[in-house]
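Visitor: Shown below is the structure under consideration.
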Amino acid sequence: MTPPADLLRESVSASVPLLRAIGEKASAEPRAPGKWSPREVIGHLVDSAANNHVRFVRGQLEEDLVFPGYEQEGFVRIQAYACAPWRDLVALWRAYNLHLARVIDEIPGEVMRRKRKRHNFHRLGWREFSESEPASLEDLIIDYVLHLRHHLGQVVRLPEDQPDRQPTPPR
C-alpha cells in the first residue's frame, strides 16, 4: 500500500503527460450533456487543492477539524475554467498538488493520525463519513487523494488504476 503523499505525487506524475496530450479544442468539450469539460474538471481539482490546502494546514493548528465548504459549481463557473487555456490549467494543477504532497510529508505522524471528535467530514468528504465517529487529518488527506483520482479518471486513464492502489497511512 502507498502513503497518501506518494500516491498523490504518482497520480500527478502519471497523469500530466496524458493531460498534456489532450488538445486545446478537446479539453473544452464536455464529456456528456450537462457534464464538465476536461478544463472544468481540472479547474475543479485546482479549487479542491486550494480548499484542502487550507484544511491541511489549519488541521495542524486547531483542535477540531471543522472547515468551511465551498460551492463547487459556482467556483467553476465564476472562474471561467471552460475558457481557460488548457496547458495553464494543467500546469497550475500539477504545481499545486506537488506542493500539497510536500505539505503532507511535513505533517508529524501523531498530528496526522490523532482522532478528533469534532469534524464536519460528513459534509465535506467525498467518501461517506460518520458525524459521530472521530476522524483524523489523515482521513481527510486520504479522501482528498481518492477524490482527485476519481475526477482524473473522468478525463484520463491512469496507468496505476488498480484496485489495490489505495492510499494508506505511513507506518
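Visitor: With the requirement that a residue be crowded, with 16+ Cβ neighbours inside 10 Å, of a type outside the set (S, T, N, Q) and within 22 Å of residue 45 (Cα to Cα), what does segment 108-122 give you?
Guide: Result: 121, single match.
Visitor: Something else now. Report, by residue number, each residue of segment 123-151 that is surrounded by 14 or more Cβ atoms within 10 Å (Cβ to Cβ) and in contact with an Asp or Glu (Cβ under 9 Å, 6 or more places away or on another chain).
Guide: Residues of segment 123-151 that are surrounded by 14 or more Cβ atoms within 10 Å (Cβ to Cβ), as a first pass: 124-126, 129, 135-149, 151.
Matches in segment 123-151: 124, 125, 126, 129, 149.
Visitor: Do we have residue 74 as over 24 Å from residue 10 (Cβ atoms) and assigned to a helix (DSSP H, G or I) here? Lay out the reasoning, then the answer.
Guide: Details: over 24 Å from residue 10 (Cβ atoms): yes; assigned to a helix (DSSP H, G or I): yes.
For residue 74, the condition - over 24 Å from residue 10 (Cβ atoms) and assigned to a helix (DSSP H, G or I) - is met.
Visitor: Still on this structure: Look through 49, 84, 95, 91 and report the one residue that is more than 16 Å from residue 151 (Cα to Cα), modelled with pLDDT of 95 or more, among the small types (Gly, Ala, Ser) and buried (at least 16 other Cβ atoms within 10 Å of the Cβ).
Guide: Numbers: 49 fails: more than 16 Å from residue 151 (Cα to Cα); 95 fails: buried (at least 16 other Cβ atoms within 10 Å of the Cβ); 91 fails: buried (at least 16 other Cβ atoms within 10 Å of the Cβ).
Just one listed residue meets the conditions, 84.
Visitor: Here's another thing I want to ask about it. Would you call residue 34 without any contact (Cβ under 8 Å) to a residue 24 or more places away in the chain, part of a loop (DSSP other than H, G, I, E, B) and of a type in the set (Gly, Ala, Ser)? Steps first, answer last, please.
Guide: Numbers: without any contact (Cβ under 8 Å) to a residue 24 or more places away in the chain: yes; part of a loop (DSSP other than H, G, I, E, B): yes; of a type in the set (Gly, Ala, Ser): yes.
So residue 34 fits the description; yes.
Visitor: Scan segment 117-154 for residues that are in a helix (DSSP H, G or I), of a type outside the set (Asp, Glu) and closer than 30 Å to residue 22 by Cα and jot them down.
Guide: Going residue by residue through segment 117-154, those that are in a helix (DSSP H, G or I) are 121-124, 137-152.
Going one step further and asking which of them are of a type outside the set (Asp, Glu), we end up with 121-124, 137, 140-142, 144-152.
Of everything in segment 117-154, those that are in a helix (DSSP H, G or I), of a type outside the set (Asp, Glu) and closer than 30 Å to residue 22 by Cα turn out to be 141, 142, 144, 145, 146, 147, 148, 149, 150, 151, 152.
Visitor: Has segment 59-68 got at least one residue that is buried (at least 16 other Cβ atoms within 10 Å of the Cβ) and in contact (Cβ under 8 Å) with a residue 60 or more places away in the chain?
Guide: Yes, segment 59-68 contains at least one residue that is buried (at least 16 other Cβ atoms within 10 Å of the Cβ) and in contact (Cβ under 8 Å) with a residue 60 or more places away in the chain.
Visitor: Test residue 54 against the criterion of being of a type in the set (Val, Ile, Thr), part of a helix (DSSP H, G or I) and either over 17 Å from residue 143 (Cα atoms) or touching a residue at least 40 places away in the same chain (Cβ under 8 Å) (or both), and give yes or no.
Guide: On the way: of a type in the set (Val, Ile, Thr): yes; part of a helix (DSSP H, G or I): yes; either over 17 Å from residue 143 (Cα atoms) or touching a residue at least 40 places away in the same chain (Cβ under 8 Å) (or both): no.
Answer is no for this residue.
Visitor: Going through 72, 79 one at a time, which residue ends up being among the polar types (S, T, N, Q), touching a His at 6+ places or on another chain (Cβ under 9 Å) and surrounded by 12 or more Cβ atoms within 10 Å (Cβ to Cβ)? First the steps, then the outcome.
Guide: Numbers: 79 fails: touching a His at 6+ places or on another chain (Cβ under 9 Å).
One residue alone meets the criteria, 72.
Visitor: Any chance you could count how many residues in segment 28-53 are within 14 Å of residue 83 (Cβ to Cβ) and hydrophobic (A, V, I, L, M, F, W, C)? Explain how you work it out, then say what you get.
Guide: Taking segment 28-53 as the starting set, the residues that turn out to be within 14 Å of residue 83 (Cβ to Cβ) are 28-30, 36-40, 42-43.
Next cut, hydrophobic (A, V, I, L, M, F, W, C) only: 28, 36, 42.
Total satisfying the criteria: 3.
Visitor: Restricting attention to segment 87-110, which residues are in contact with a Leu (Cβ under 8 Å, 6 or more places away or on another chain) and farther than 11 Å from residue 8 by Cβ? Walk me through it before giving the result.
Guide: Looking only at segment 87-110, we keep the residues that are in contact with a Leu (Cβ under 8 Å, 6 or more places away or on another chain), and these are 90, 93, 97, 100-101, 104, 107.
Selection gives 90, 93, 107.
Visitor: For residue 94, state whether it is in a helix (DSSP H, G or I), basic (Lys, Arg) and over 13 Å from the mean Cα position of the chain (by Cα).
Guide: Considered against the rule, which asks whether it is in a helix (DSSP H, G or I), basic (Lys, Arg) and over 13 Å from the mean Cα position of the chain (by Cα), residue 94 comes out as no.
The values are calculated or read from the model by the stated rules, or taken from the named source; none is laboratory data. Every value quoted in this text rests on a predicted model; they were computed, and no experiment measured them. Backbone-built Cβ (ideal geometry, glycine too); neighbour counts: all protein chains shown.
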